[in-house]
Structures are given as C-alpha cells and as structure tokens.
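Notes follow the structure.
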Amino acid sequence: MAPTTRPTFRRSLALLAGAALLVNVGLTGSVQAQGTTPPLNGPASVADLAEGLLNAVVNISTSQNVKDDEGVGPAPRAPDGSPFQEFFNDFFNKQKGNKGGNHNVNSLGSGFVIDPQGYIVTNNHVIEGADDIEVNFADGTKLKAKLIGTDTKTDLSVLKVEPKAPLTAVKFGDSSVMRIGDWVMAIGNPFGFGGSVTVGIISGRGRNINAGPYDNFIQTDAAINKGNSGGPLFNMKGEVIGINTAIISPSGGSIGIGFSVPSELAAGVVEQLREFGETRRGWLGVRIQPVTDDVADSLGLSSAKGALVAGVIKGGPVDDGSIKAGDVILKFDGKPVNEMRDLPRVVAESPVGKEVDVVVLRDGKEQTVKVKLGRLEDSDQAASNDADPNKGGIINPDPDENQDMDEPDDQQSQPMPDAKGKADQATPDTTNPKNVLGLSLSQLSAETRKTFGIAESVDGVLVAEVAPGSLAAEKGLKPGDVIVEVAQEFMRSPEAVAAKVQSLKQEGRRNAQMMIASSNGDLRFVAVPME
C-alpha cells in the first residue's frame, strides 16, 4: 500500500490503509448547532449509537510475501565517530549478506459486515496484492477471509468469512439525501487501535479527487487516519452512507479533509461483486469531451453544461445513429448531465440491456432518443488507463479539454459523410490555399495525404499551415489536421469553410465549432474564436 501522489495536487493524496498520513482533527469543548428542531442539532452523545455499531466494524490484517531486496534503498549510515557506528555497520553488513530471501509485509485496514452470514466490505487498496487476509472482530475472534470480488475503479472489495454464528451487520443508507453540515460518525482501526469512533460533519459533496472515472466523494472533517481505509461513515441513524477511502495532507500534518465513497455509488457495486464477483456496468459507446464556454457559445447553449459527443465507437450500442458525433448529451435516463464527468457515472450505474431516454442537443434543438445499453467490458488495460487519463484515453485533445471517458481508443471513430452518404472528393487545389481564422486550408489530395500521413478514411479540408500565435494555434490546431465539420455541417472545400465561418459571424456567433480529425481518423471538437 504505497503512497499515492497526484500530479494535479501540490498536496499529496494518500491512500489510508498503508500510507495515509495522520489526520487528528477532533471536537474540542462543547459544540452546539444553531436551530430549534432537535434532530438537526449535534447529539449530546453518540455513545448509544456507537455501541450498537462497534461489533459490525472489523479490523482487516493482510500479509504479503516479498523478496528482501524489493524496494530496499541505501542502508542508513551512522556519523563517523558515533558510538553506534560499529553496531550499524555490523547489522547492515549482515543484511547485505542475506539478500534474495523472502519476508512478510503486513498492513492494517478497516471494513464492515453487511450480511450476518459473513460478507464484509472494505477498500481494494486495503487488500490489494495480499497473500493472506485476516478479519479481526470486536470480541477478539479472528477469521480467515476469502476475496469475493474487487473493483479498482471505485476502490471497493467484498470479502467472505465463515462465522460459527450470525454476525452483527449494518446496512447501507441513502447518501443522496445527506446535506452539507449533517453529522456523521466514522468507526475504524486507525494505527491498529480498533473500534475507534470519531464524529464530524459532511464538509462537501460530489468531490473529484482524480482517483478514478466515477469520482463523487463525500468530504468529511470526521477524523480519518491511517488504518481507517475501508471503514464505514455512518449517518445518525446508524446507516452506512460512505466508505472511508482517502485523505489530503500537504506535509504529514493534519488538515481534516477526508473522503468517502458515497453509498449511492457503493451499494450497487457491492451488490454486483457479491452476485457476480465482478462489476457489470452499462456502456453507451461514445467518446466525450467537456462543453466549455466557447463550445457552448458556438452551439447556442445558454451555459456550459452537458457532455459533447466527440465520436461514436463502431459496433457500440449507439452505432445505429441514435446518437451522433456533435450531439451534446443533456440528460440520461431522467438524470441531468451538468458536466462531462457526470455521464460516465450515471451510465455505469445503469443496468446492462436497459432501454433509456437520452436528451441531446442536435442542430440547435433538444431531442429525446431511446438507446439500449451495452456492457462495459473492463480489462487490465482499461484499468491502467483510469489511473492516468493521458494514457490511452485521449483523443488527440485540445489541451486540458478533451478526454475519452469511455473505452480505450482502440477503435477509430469514422468521419461524417456528406448528405448522399459518401464523402465528397473535390478536385485538389493546393496551389492557392484559403486563409481562414489563421488557418491555411487546402483540398485533400493523394500528395497531401502522403505528406501528412492522412488515412484514406479521413475526409474534409486539410489544415496546411497554422499561423503562429493565432487563436487557432492556441486551441491546438496544427498542420495535418483535417476539418471535417463546421457548426455540424460537413466541409467539402476551403471555400465552404470560409463561407460557413462568415455565416456564423453574421449570426453573431463568437466561436466556430469545428470537428477536427487527426491523421488516423480520431475526432475531437474545437471551438475557434472568430476575431
């Protein structure tokens, strides 16, 4: 369980089970919430609530057999003349002579019982790579556990023990009704001190900490420390509304920011792991990117919302034309898509094979289309791509904008055809390029395809040159790109691009939305400002 550092944070994001840093934010003195309704006030004591829950929370101990020389750095060296110098030299010289052997690495985490028959939930990073998993109960009982299933995308795992008598279990509550400021209680195994109880409030909701594709964390100031990973976050009814997973700490000090996987996401994953030993997520089969302010303006949207479809995966659930490149998905199965990252989560939470209504913005109008979801086939490659969004999941992005939030990019989206169903092949005209918005445009030809390595499947208008310092250059356009569409119209010639841009200016648009194809056919949308 090595520390996890995210480059997007100046702070370090540490997984709690084996490498999290101490969070020691407690409640000092008396705390009295304002308000007249008793249920809204902070409880005078949580002793009665905690007493009924402690037996359902367990300590999880894991061991892993590793080689002695794995991860070993240089040996410590005592200062010259130190009275301990001889001891240090003797000890570490002996260690050097014992390389190649094996030893066990142990770690501690937390978990909780969800079924009296012995099903236990914890974090994946608590048990990942373990050769042996042991569950320790509040009464001192120790049982060996079997891994039933794990999901790296949400960092959840389900274990099974074989108890001699039914266990005390807890149930999931509804995290969606929890509000910022509501009281919560965490129980876990911080630093091996089992059965530790801390109390705090919900500090934030819907947090994205770049831990995975479905981030929607609850933020809490209830003290969560090393060893709390996998433990429950309870509401004041004793229901599990979160699974404690991570903290943020800048330098090892305590700042009281912890994160829990909400039950609204975790409950479905846990149920699938119990039933199938794996997750079975819905799949729409589209590649998406954010709707920026520029893109929203180019599409006539009043605000930047939704998920812009950059491409449709061939053979996927919506390859029948129900959803097209250039659509903006605004609602999925009745749930609003306020930003791009909302869509992968709501799709993944939907049952495979379900028919759902999807509201899209197409040609300036909202339309409702019905689609039948496929199944997202997880793979080791896909899982590794989740950890780094810049590997395998990028569709030649406009910097900091475009991300593939569906499948790895191993199937290419197809360029849009003309109205007759076949891409137009105009007469090459590379001698007199057209200049539009800082772009030098020309027709595609056999010669230019060879020069820029453009695939035969790609059709549109060639970007031959990009003026340095132009707005188009700032948006990431480069020589060899191909303009497939402008404002959802297929472009057949440089003159067509110029005419469409002029038309958009006359309509009062500030940006021209362009569908851009890379040399191999990958698509992305770029909103180019019109000066």
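Ranking request for peptides 132-139, 458-465: highest mean number of other beta-carbon atoms within 10 Å first, then the rest in descending order.
Numbers: 132-139: 17.0, 458-465: 24.4.
By packing density, highest mean first, the sequence is 458-465, 132-139.
Please grab the % of Cα pairs in region 464-531 that end up more than 21 Å from each other.
16 percent
Taking the Cα centre as origin and putting +1 on Lys and Arg beta-carbons and -1 on Asp and Glu beta-carbons, what dipole magnitude results for region 271-355, to the nearest 20 debye?
So the dipole magnitude of region 271-355 works out to roughly 160 debye.
For the pair Glu271 and Ser457, what calculated FRET efficiency results from E = 1/(1 + (r/R0)^6), where r is the Cβ-Cβ distance and R0 = 45 Å, to the nearest 0.05?
Working: r = 42 Å, r/R0 = 0.94.
In this case the efficiency is close to 0.60.
Along Cα→Cβ, 7 Å out, is where each label goes; now give me the distance between the ones at Ser519 and Thr141 in nm to one decimal.
My value for the distance between the label points is 6.5 nm.
Within region 468-531, what whole-number % of the accessible surface is contributed by carbon and sulfur, with the 1.4 Å probe and all protein chains included in the calculation?
Details: 1120 of 2430 Å².
Percent of accessible area from carbon and sulfur atoms in region 468-531: 46.
Carbon-plus-sulfur fraction of the accessible area of region 245-331, 1.4 Å probe, in percent?
Values: 1210 of 2770 Å².
C and S atoms contribute 44 percent here.
Hey, what do the phi angles of region 523-530 turn into as Karplus ³J(HN,Hα) couplings, whole Hz, using 6.51/-1.76/1.60 and θ = phi - 60°, x for Gly and Pro?
Each residue's phi maps through the Karplus curve to give 10, 8, 10, 9, 9, 9, x, 10 Hz.
Using the reciprocal of the averaged 1/r over all distinct C-alpha pairs, how large is the Kirkwood radius of region 177-292 in Å? Don't skip to the end; give the middle numbers.
Values: mean 1/r = 0.0652 Å⁻¹.
The answer is 15.3 Å.
With labels modelled as points extended 7 Å from the Cα through the Cβ direction, what inter-label distance (nm, one decimal) is found for Val352 paired with Asn210?
Each label point is offset 7 Å from its Cα along the Cβ direction, giving 3.2 nm.
Rounded to whole Hz and in sequence order, give me ³J(HN,Hα) for region 470-480 from the Karplus expression 6.51 cos²θ - 1.76 cosθ + 1.60, θ = phi - 60°, writing x for Gly and Pro.
Per-residue couplings from phi come out as 6, 5, 5, 5, 5, 7, x, 6, 8, x, x Hz.
Assuming R0 = 45 Å, can you tell me the calculated FRET efficiency for the pair Lys335 and Ala446, based on Cβ-Cβ distance, to the nearest 0.05?
0.40
Could you sort 231-238, 320-327, 368-375, 47-54 so that the peptide with the highest average Cβ count within 10 Å comes first and the rest follow in order? Each step should come with its number before you reach the end.
Numbers: 231-238: 23.4, 320-327: 17.8, 368-375: 15.9, 47-54: 13.8.
Going by the mean number of other Cβ atoms within 10 Å, highest first, we get 231-238, 320-327, 368-375, 47-54.
Multiplying the sequence separation of Asp132 and Gln502 by 0.36 nm and subtracting their Cα-Cα distance, what value in nm do you get?
Values: separation 370, 0.36 × 370 = 133.20 nm, distance 6.80 nm.
Extra length from Asp132 to Gln502 when fully extended: 126.4 nm.
Can you sort Arg179, Arg345 by solvent-accessible area, 1.4 Å probe, largest first?
Solvent-accessible surface, decreasing: Arg179, Arg345.
Per residue, how many Å² of accessible area does region 182-324 show with a 1.4 Å probe?
Details: 4370 Å² over 143 residues.
I get 31 Å² per residue for region 182-324.
Using a Förster distance of 41 angstrom, determine the FRET efficiency expected from the C-beta separation of Ala169 and Asp319, and round it to 0.05.
Computed FRET efficiency for Ala169 and Asp319 comes out at 0.40.
Would you work out which of Ala310, Ile243, Ile257 lies farthest towards the positive end of the dipole of region 231-311? Charges go on Cβ: Lys and Arg +1, Asp and Glu -1.
Farthest towards the positive end: Ile243.
The values are calculated or read from the model by the stated rules, or taken from the named source; none is laboratory data. If you're wondering where the values come from, they're calculated on a predicted model, not measured in any experiment. A quick note on method: Cβ atoms are made from the backbone with ideal geometry, for glycine too, and the neighbour counts reach across all protein chains shown. The accessibility values were calculated without ligands, DNA or RNA, using every heavy atom of the protein model including side chains. Shrake-Rupley method; radii C 1.70, N 1.55, O 1.52, S 1.80 Å.
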